[in-house]
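A.B. asks: Structure below; questions to follow.
The values are calculated or read from the model by the stated rules, or taken from the named source; none is laboratory data. Computed from a predicted structure; not experimentally measured. Here the Cβ positions follow ideal geometry from the backbone for every residue, glycine too, while neighbour counts run over all protein chains shown. Heavy atoms of the whole protein, side chains included, go into the accessibility calculation; ligands, DNA and RNA do not. Shrake-Rupley method; radii C 1.70, N 1.55, O 1.52, S 1.80 Å.
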Amino acid sequence: MYRVSKLGKSYRKKADLVLKGLSFDVHRGEILGILGVNGAGKTTLIKLLLRALEASSGKIEFVGDDLSKIPLRKYYKDVSAVLEGNRNVYWYLTGFQNIEYFGRLKQLDDIKIAEKADKLLKTFDLYDARNQIAGNYSRGMLQKLSIIIAMLDDPEVLFLDEPTLGLDIMTKKAVMNDLKHLAEEKKTTIVITSHQLDVIDAITDRVLVLENGGIAYIGKTSDFKQMYSENKYTLAVNGTVDRRDIAFDNYTIEERETTTDITLNDISRRDINLVLAHMLERDYEIVAFSKDSSRLEDIMEVFVQRDRSKDAQTFQSGIR
Amino acid sequence: MLKLFRAELDKYLLEVKTYYPDQIVDMVVKYILFATFFYGFVYNVRNSTAYCVAYMYWIIASSIISELSMSISFEKQVGTIEQLIIKPYPFWLILTVKTYVVLLITALKGALLFAIIRITLPISLVFNINLVWILLVSVIGFTGVGLALSGLTMKFAKTASFESIISYGLLFFSGTIIPFDKMPMTVQRVLNVIPFTAGINASQKLLDGNSQVLYVLLWLLLINLACFVIGYFVFNAFFRNVKTNGVLNNY
């Protein structure tokens, strides 16, 4: 869908580059998550792909054509976006009036707008509030309304900058399901940024991790989790545990009310099997067992800390 | 295009409904200004119609010029500007249609204002259809000035003071306060190529019966189109600049 080559962006001529020579592809119908710490350039990258910003260098191709040469009136029929914060709707209009206004700007017919709005308002549990002024909406409701507006014309590409911020659990799940459905059934390409890594973890096919203006990783989300796994396992055992029964040296233990959590650090697959067998032989009841790579949040923490420790080392060597 | 016009008309009517006290205040202020100048400068005025035409021009020109940049300022403030630029309609066209919708409502308000003026003030007005054509041609030029100013607002966010200078400058040169023929000759020559004053001047000559309509309209069309083209390019230059520097959302 997109082919990005050596994309660079700086905001002032002599300032540092926010993005330095990024090259990557975005495939049709995939959900690509963009990750990175605050200020890594996630929003800048989305705005460059949206052509809301002009690149300083490099090239973006959209379906084989140079994006900078595609007429905007044509390009913006194919793409939609929910941008960061409550910056997508007018507060003095009702939910439906906002949908109608932005739908008309997307050149949709009123009948189609009404049909799609009805369906989406019900899906997002906003139907009863459709005639309320958006200024009276909660943050979550505003976010839902922004997503409805972005989905109104079944875009080919959907850019979502922190779309689930402020949503309750049920709505978040509904949004996640809808996005997956869009990508799978309608082959909508979705590019998403979120600090809620459970969202990225649950719906993305691939992630692009930005670091110091460059790409630190791009590939399958599952491979990323595996790559930065510290081979850390956590066991939750019913009752208390005799330390002599843990057949491994590098561990931490935390006793809770009814269970004991054991974290085994940097352990091989062979050793973890031995530890488990040893405990089961001694009749311990294991109530939970997980590896750090099962959660993207843990992996990102390792990833960011790896970066910081690298910085600290560089700083130390600089002092010497 | 019709969808865009309907979208903006419906939205603006809802805005007027929501913030209706603003509209009332606006009409009251314009009535007071009119009455003040009318009585204060009545000896300088050749006839009431000419005075009213100049005043109407000022209302329309300042409305178009300020509305275009105020729209940008408002969209930047509430943060919806980026949603507008990622729509299939060109951004300048959305702004222009938005402004013409405001102009339409302003013209209705203007008509109401003159109805009130006729009832409450000792004034007699003469209607000439050619004045309408001159005004419509002048709107093209006003739009160009408005686009240039809104480009400036895109970059610098708040340009209210700049708008005030333009708006009151236009009032001064509208002939409402000092008739054109009493201004210095050099100033008169310059004013004759500025769409706003050229339109008023042409209207007054037409009312005096010493001007050929076709010639006047062609000259006005030429300078107004030139003004629009300049405004359009200035707007797009600023638009490219803010997209390069990433300041579109700054307020």
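A.B. asks: Long-range amide H contacts for A:L35: which residues qualify at under 5 Å (H placed 1.01 Å from N, peptide plane, sequence gap of 5 or more or a different chain)?
C.D. replies: So A:L35 has HN proximity to A:L208, A:V209, A:L210.
A.B. asks: Let me ask something additional. What area, in nm² and to one decimal, does the C-alpha convex hull of the range A:229-294 cast on average over all directions?
C.D. replies: Details: hull surface 16.2 nm².
Its average projected convex-hull area is 4.0 nm².
A.B. asks: Under a GNM of chain A (C-alpha, springs under 10 Å), which listed residue has the highest mean-square fluctuation: A:L160, A:L264, A:L48?
C.D. replies: Highest fluctuation of the listed residues: A:L264.
A.B. asks: Provide the buried accessible surface between chains A and B in square angstrom, both chains summed, 1.4 Å probe, rounded to the nearest 100.
C.D. replies: Working: alone 17270 and 13100 Å², together 27350 Å².
The A and B chains share an interface burying roughly 3000 Å².
A.B. asks: For the protein assembly as shown, which whole-number percentage of the solvent-accessible area (1.4 Å probe, protein heavy atoms only) is attributable to carbon and sulfur atoms?
C.D. replies: Numbers: 15560 of 27350 Å².
Carbon-and-sulfur percentage of accessible area, whole number: 57.
A.B. asks: Here is a follow-up. If you average the alpha carbon positions of the range A:141-162 and of the range B:183-245, how far apart do those two centres end up, in angstrom?
C.D. replies: 43 Å
A.B. asks: Write out the trypsin sites (Lys or Arg not before Pro) in the range A:229-277 meeting two conditions: DSSP loop, and at most 14 other Cβ atoms within 10 Å of their Cβ.
C.D. replies: On the way: sites: A:K232, A:R243, A:R244, A:R256, A:R269, A:R270; in loops: A:K232, A:R256.
Answer by residue number: A:R256.
A.B. asks: In degrees between 0 and 90, to the nearest 10, how far off the longest principal axis of chain B does helix B:20-40 point, with axes built from Cα atoms?
C.D. replies: 30 degrees
A.B. asks: Among A:A40, B:G246, B:F127, which residue has its Cα positioned farthest towards the positive end of the charge dipole of the protein assembly as shown, with +1 placed on the Cβ of Lys and Arg, -1 on the Cβ of Asp and Glu, and the dipole taken about the Cα centre?
C.D. replies: Farthest towards the positive pole: B:F127.
A.B. asks: For the range A:1-55, which trypsin sites (Lys or Arg not before Pro) are in a loop by DSSP, counting at most 10 other Cβ atoms within 10 Å?
C.D. replies: Numbers: sites: A:R3, A:K6, A:K9, A:R12, A:K13, A:K14, A:K20, A:R28, A:K42, A:K47, A:R51; in loops: A:R12, A:K13, A:K14, A:R28, A:R51.
Filter output for the range A:1-55: A:R12, A:K13, A:K14.
A.B. asks: What does the average come to when, for each residue of peptide B:5-12, you count the partner chain Cβ atoms lying within 10 Å of its Cβ? Walk me through the intermediate numbers first.
C.D. replies: On the way: counts 1, 4, 8, 3, 0, 5, 9, 0.
If you average over the peptide's residues, the count of other-chain Cβ atoms is 4.
A.B. asks: Put +1 on the Cβ of every Lys and Arg and -1 on every Asp and Glu Cβ in the protein assembly as shown; which of A:L121, B:P179, A:V89 then has its Cα farthest towards the positive end of the dipole?
C.D. replies: Among A:L121, B:P179, A:V89, the one farthest towards the positive end of the dipole of the protein assembly as shown is B:P179.
A.B. asks: Let me ask another. Compare the peptides A:275-285, B:87-97, A:172-182, B:143-153 by average per-residue count of other Cβ atoms within 10 angstrom and give them in order, highest first. Mind showing how you got there, number by number?
C.D. replies: On the way: A:275-285: 13.5, B:87-97: 19.5, A:172-182: 17.5, B:143-153: 25.0.
Packing order, densest peptide first, comes out as B:143-153, B:87-97, A:172-182, A:275-285.
A.B. asks: I'd like to compare B:29-36, A:189-196: which one has the highest average count of other Cβ atoms within 10 Å, and what's the full order after that? Kindly include the intermediate steps, with their values, before the conclusion.
C.D. replies: Working: B:29-36: 14.4, A:189-196: 21.5.
So the peptides B:29-36, A:189-196, ranked by packing, come out A:189-196, B:29-36.
A.B. asks: Near the amide H of A:G219, under 5 Å away, which other amide H atoms are found, from residues 5 or more places off or on another chain, if H is placed in the peptide plane?
C.D. replies: For A:G219, whose amide H was placed from the backbone, the distant partners under 5 Å are A:V207.
A.B. asks: So for chain B, Kirkwood radius off the Cα pairs, Stokes-Einstein at 37 °C and 0.692 mPa s: how many µm² s⁻¹? Provide the component values of the computation, followed by the final result.
C.D. replies: Working: Rh = 19.0 Å.
Stokes-Einstein gives a translational diffusion coefficient of 173 µm²/s.
A.B. asks: What aspartates and glutamates does B:K182 reach when the alpha-carbon gap must be under 20 Å and sequence neighbours fewer than 8 apart in one chain are set aside?
C.D. replies: B:D208
A.B. asks: Any idea of the accessible area per residue across chain A, 1.4 Å probe, to the nearest Å²?
C.D. replies: Details: 15770 Å² over 320 residues.
Per-residue value: 49 Å².
A.B. asks: FRET efficiency for B:K182 and B:Q212, Cβ-Cβ distance as r, R0 = 30 Å, nearest 0.05? Don't jump to the answer; show the numbers that get you there.
C.D. replies: Details: r = 24 Å, r/R0 = 0.81.
That gives a FRET efficiency of 0.80.
A.B. asks: Right, another one. Normalised by the residues of the range A:2-226, what does the relative contact order come to in percent, with Cα pairs under 8 Å and at least six apart? Mind showing how you got there, number by number?
C.D. replies: Numbers: 395 pairs, mean separation 64.8, N = 225.
Taking the mean separation of contacting Cα pairs over the length of the range A:2-226, I get 29 percent.
A.B. asks: At 20 °C and a viscosity of 1.002 mPa s, what translational diffusion coefficient does Stokes-Einstein give for chain A, taking Rh as the Kirkwood radius over Cα pairs? Give it in µm²/s as a whole number.
C.D. replies: Working: Rh = 22.3 Å.
My calculation gives 96 µm²/s for D.
A.B. asks: A further question follows. What residue among A:Q226, A:S5, A:H195 has its Cα farthest toward the positive end of the dipole of the range A:2-226, where the charges are +1 on Lys, Arg and -1 on Asp, Glu, each on the Cβ?
C.D. replies: A:S5
A.B. asks: Expressed as a rounded percentage, what relative contact order does chain B have, with Cα pairs under 8 Å and six or more residues apart? Before the final figure, lay out each step's value.
C.D. replies: Values: 258 pairs, mean separation 77.1, N = 251.
The normalised contact order for chain B reaches 31 percent.
A.B. asks: Another question about this same structure. Counting helices only, and only those DSSP H runs with n ≥ 4, report the 222 nm mean residue ellipticity of chain A as the sum of -39,500 (n - 2.57) divided by its residues, in deg cm²/dmol to the nearest 500.
C.D. replies: Working: 10 runs with 122 residues, N = 320.
It comes out at -12000 deg cm²/dmol, rounded to the nearest 500.
A.B. asks: Which lysines does A:K106 reach when only Cα atoms under 16 Å apart count, and residues fewer than 8 places away in its own chain are ignored?
C.D. replies: Reachable lysines: A:K74, A:K77, A:K116, B:K3, B:K11, B:K87, B:K98.
A.B. asks: Provide a whole-number value for the mean count of partner chain Cβ atoms within 10 Å of the Cβ atoms in peptide A:101-108. Walk me through the numbers on the way to the answer.
C.D. replies: Working: counts 6, 5, 2, 11, 12, 6, 7, 1.
Counting Cβ atoms of other protein chains within 10 Å of each residue's Cβ and averaging gives 6.
A.B. asks: Loop only by DSSP, 15 or fewer other Cβ within 10 Å of the Cβ. Give me the trypsin sites (Lys or Arg not before Pro) in the range B:102-191 that pass, ordered by residue number. Walk me through the numbers on the way to the answer.
C.D. replies: Numbers: sites: B:K109, B:R118, B:K155, B:K158, B:K182, B:R189; in loops: B:K158.
Of the trypsin sites (Lys or Arg not before Pro), the ones in loops of the range B:102-191 whose Cβ has at most 15 other Cβ atoms within 10 Å are B:K158.
A.B. asks: Counting only other chains, and only Cβ atoms inside 10 Å, what mean value do you get across the residues of A:92-99? Please list the in-between numbers first.
C.D. replies: Details: counts 7, 5, 1, 0, 0, 3, 2, 0.
Partner-chain Cβ atoms within 10 Å, mean over residues of A:92-99: 2.
A.B. asks: Pairs of Cα atoms under 8 Å, at least six residues apart: use those to get the relative contact order of the range A:229-294, whole percent.
C.D. replies: Working: 108 pairs, mean separation 33.5, N = 66.
After rounding, I find 51 percent.
A.B. asks: Using a basic spin-label model with each label point 7 Å from the Cα along Cα→Cβ, how many nm lie between A:I133 and A:N273?
C.D. replies: It is 6.7 nm.
A.B. asks: Place a +1 charge on the Cβ of each Lys and Arg in the protein assembly as shown and a -1 charge on the Cβ of each Asp and Glu, then give the dipole magnitude about the Cα centre in debye, rounded to the nearest 20. Write down the numbers at each step before the final one.
C.D. replies: Numbers: 65 positive and 60 negative charges, 534 e Å.
Here the protein assembly as shown has a charge dipole of around 2560 debye.
A.B. asks: Right, another one. Work out the length of the dipole vector of chain A about its Cα centre, built from +1 on the beta-carbon of each Lys and Arg and -1 on the beta-carbon of each Asp and Glu, and round it to the nearest 20 debye.
C.D. replies: Numbers: 47 positive and 49 negative charges, 353 e Å.
Its charge dipole is roughly 1700 debye.
A.B. asks: Right, next: With a 1.4 Å probe and every protein chain left in place, work out the accessible area per residue of chain B in Å², rounded to a whole number. Walk me through the numbers before you get to the answer.
C.D. replies: Numbers: 11580 Å² over 251 residues.
In whole numbers, chain B has 46 Å² accessible per residue.
A.B. asks: Explain nothing, just compute: Karplus ³J(HN,Hα) = 6.51 cos²θ - 1.76 cosθ + 1.60, θ = phi - 60°, for every residue of the range B:105-118 in order, whole Hz, x for Gly and Pro.
C.D. replies: Karplus values, whole Hz, x for Gly and Pro: 5, 4, 5, 5, 5, x, 4, 5, 4, 5, 5, 5, 4, 4.
A.B. asks: Could you give the dipole magnitude of the range B:2-245 about its Cα centre, charging the beta-carbon of Lys and Arg +1 and that of Asp and Glu -1, in debye to the nearest 20?
C.D. replies: 240 debye
A.B. asks: Against the empirical 2.2 N^0.38 Å scaling, what ratio does the C-alpha Rg of the protein assembly as shown come to?
C.D. replies: On the way: Rg = 31.7 Å, N = 571, 2.2 N^0.38 = 24.5 Å.
Taking N as the residue count of the protein assembly as shown, the ratio is 1.29.
A.B. asks: Working from Cα positions, state the angle (0 to 90°, nearest 10) between the long axis of helix B:213-245 and the longest principal axis of chain B.
C.D. replies: 30 degrees
A.B. asks: Along the range A:146-160, what does the Karplus equation 6.51 cos²θ - 1.76 cosθ + 1.60 (θ = phi - 60°) give for ³J(HN,Hα), rounded to whole Hz, x for Gly and Pro?
C.D. replies: Each residue of the range A:146-160 in turn: 4, 5, 4, 4, 5, 8, 4, 9, 6, x, 6, 10, 10, 9, 10 Hz.
A.B. asks: Taking 28 Å as the cut-off for C-alpha to C-alpha distance, list the pairs among B:K17/B:K205; A:K144/B:K155; A:K172/A:K220 that go past it.
C.D. replies: Details: B:K17/B:K205 40 Å; A:K144/B:K155 31 Å; A:K172/A:K220 23 Å.
Checking Cα-Cα distances, B:K17/B:K205; A:K144/B:K155 exceed 28 Å.
A.B. asks: Can you give me the distance in nm between label points at A:S57 and B:L14, each placed 7 Å from the Cα along the Cα-to-Cβ direction?
C.D. replies: It is 4.6 nm.
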